[in-house]
Each structure stands twice: as C-alpha cells, then as structure tokens.
Amino acid sequence: MTIQRMDNVLIVVDDLDAVIAFFVELGMELEGKGPIEGRWVERVIGIDDVRQDIAILRTPDGHGRIELAMFHTPEAISAEPKDAPANTLGIRRIMFAVDDIEDVVARLRTHGAELVGELAQYENRYRLCYVRGPEGIIVGLAEQLS
C-alpha cells in the first residue's frame with residue numbers, strides 16, 4: 001500500500017477566527033489551534049522566517065480534517081482572483097455530505113456565505129450546491145435523497 005489515508009487539506013487564510021467559525025457552523029469540530037514556527041517548519045515548507053497560527057478542524061466522523069494557516073511572516077500571497085470561478089486551475093472546493101442542505105445554507109449565511117450558483121437536484125439522488133464562505137473559500141454541499 002502506498003498511503004494509509006488522506007490526513008488533511010491545508011487552506012491559507014487571512015482571518016483565522018472567521019474561517020474557524022464558518023467551518024464550526026458547518027459542523028466541523030475544532031481539534032486544536034496554536035502558533036507554529038521554527039527551523040523544522042521552515043525546512044518542511046521551504047520558506048525561511050516562518051511564523052504562523054494554525055487550526056485543525058475535523059469532521060464529526062473523525063475521518064476528514066482541514067488545516068487552516070494564517071501567516072504572520074512571511075506575509076501570505078495570492079495567486080488567483082479573490083472570488084475565483086469554479087473553472088480556475090487548482091483546488092476549487094471541498095465537498096461535504098449534509099443531512100439538511102437548506103438548514104446548512106441558512107446557518108452559513110450568518111457567516112457571510114453566499115450561493116455560488118443555485119441549489120439544484122441531481123435526478124432523485126442528491127440536492128447539491130456550492131457556497132462561497134469567508135475569504136472566497138468554496139464548499140460543496142450534498143444532501144442524499146435516496
């Protein structure tokens with residue numbers, strides 16, 4: 001076997017607390033939060049003089065994690081438009097299975113989230129949508145119907 005599991009996905013953010021609140025509202029659990037710095041992290045990521053705060057959030061089933069990083073030094077840079085469309089190269093979204101898609105969208109709107117397109121139904125199997133949250137982060141939501 002080549003890998004054991006996917007451990008986490010990293011998202012670099014400017015406002016760590018706002019993004020944590022968004023994912024907690026979605027239903028993720030904050031596993032930990034704290035500063036990261038030192039030669040070991042510089043060696044791993046290939047950037048000198050790194051000082052950052054990170055947070056790890058996990059899905060309720062414990063199988064999925066997101067790592068959020070807010071860089072103090074060096075300052076984070078942007079490689080794409082703030083609200084990049086779904087066809088922009090790179091990682092575009094993270095998809096979550098939810099029980100009640102309309103309830104989740106309503107709760108995320110209290111954190112500034114907006115639908116990217118619209119809530120749509122795929123056959124008699126799923127209701128799906130993309131939601132853009134803080135800092136342009138896109139999450140996909142899927143409610144299984146049958």
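The values are calculated or read from the model by the stated rules, or taken from the named source; none is laboratory data. These figures come from a predicted structure and were not determined experimentally. No Cβ is skipped: glycine too gets one built from the backbone with ideal geometry, and neighbour counts run over all protein chains shown.
Within segment 1-14, the residues that satisfy the criterion of being touching a residue at least 60 places away in the same chain (Cβ under 8 Å) and either loosely packed, with under 13 Cβ neighbours inside 10 Å or of a type in the set (A, V, I, L, M, F, W, C) (or both) are VAL9, ILE11, VAL12, VAL13. Looking only at residues in segment 1-34 that are of a type in the set (Val, Ile, Thr) and in a loop (DSSP other than H, G, I, E, B), the one that is farthest from MET95 (Cα to Cα) is THR2.
I'd like the full set of residues that are of a type in the set (Gly, Ala, Ser) and either within 17 Å of PHE71 (Cα to Cα) or surrounded by fewer than 10 Cβ atoms within 10 Å (Cβ to Cβ) (or both), limited to segment 15-44.
Of the residues in segment 15-44, the ones of a type in the set (Gly, Ala, Ser) are 18, 21, 27, 32, 34, 38.
Answer for segment 15-44, where residues must be of a type in the set (Gly, Ala, Ser) and either within 17 Å of PHE71 (Cα to Cα) or surrounded by fewer than 10 Cβ atoms within 10 Å (Cβ to Cβ) (or both): ALA18, GLY32, GLY34, GLY38.
If only residues of segment 71-80 that are free of Cβ contacts under 8 Å to residues at least 12 places away in the same chain and not charged (D, E, K, R) are counted, the one that is surrounded by the most Cβ atoms within 10 Å (Cβ to Cβ) is SER78.
Select from segment 45-70 the residues that are among the hydrophobic types (A, V, I, L, M, F, W, C) and either surrounded by fewer than 10 Cβ atoms within 10 Å (Cβ to Cβ) or in contact (Cβ under 8 Å) with a residue 12 or more places away in the chain (or both) and list them in ascending order. Give the steps one after another, and end with the answer.
Applying the first criterion (among the hydrophobic types (A, V, I, L, M, F, W, C)) to segment 45-70 yields 45, 47, 50, 54-57, 66, 68-70.
Result: ILE47, VAL50, ILE54, ALA55, ILE56, LEU57, ILE66, LEU68, ALA69, MET70.
Here ILE91, ILE77, ILE101 are screened, and the one residue that is of a type in the set (Val, Ile, Thr) and farther than 21 Å from ASP15 by Cα is ILE101. As a summary of the residue check, GLU37 satisfies the conditions (1) under 19 Å from the mean Cα position of the chain (by Cα); (2) over 18 Å from ASN8 (Cβ atoms); (3) assigned by TED's automatic domain parsing to the domain that holds ALA21 except for the one numbered (1).
Which is touching a Pro at 6+ places or on another chain (Cβ under 7 Å), more than 27 Å from ILE101 (Cα to Cα) and of a type outside the set (D, E, K, R), of ILE47, ILE3, ILE54? Only one candidate passes the filter, namely ILE47. Answer yes or no: is there a residue in segment 110-118 that is at pLDDT 95 or above and surrounded by 18 or more Cβ atoms within 10 Å (Cβ to Cβ). Among the residues of segment 110-118, at least one is at pLDDT 95 or above and surrounded by 18 or more Cβ atoms within 10 Å (Cβ to Cβ), which makes the answer yes. Just one of (1) among the aliphatic types (A, V, I, L, M); (2) free of Cβ contacts under 8 Å to residues at least 40 places away in the same chain; (3) closer than 30 Å to THR110 by Cβ fails for ILE20. It is (2).
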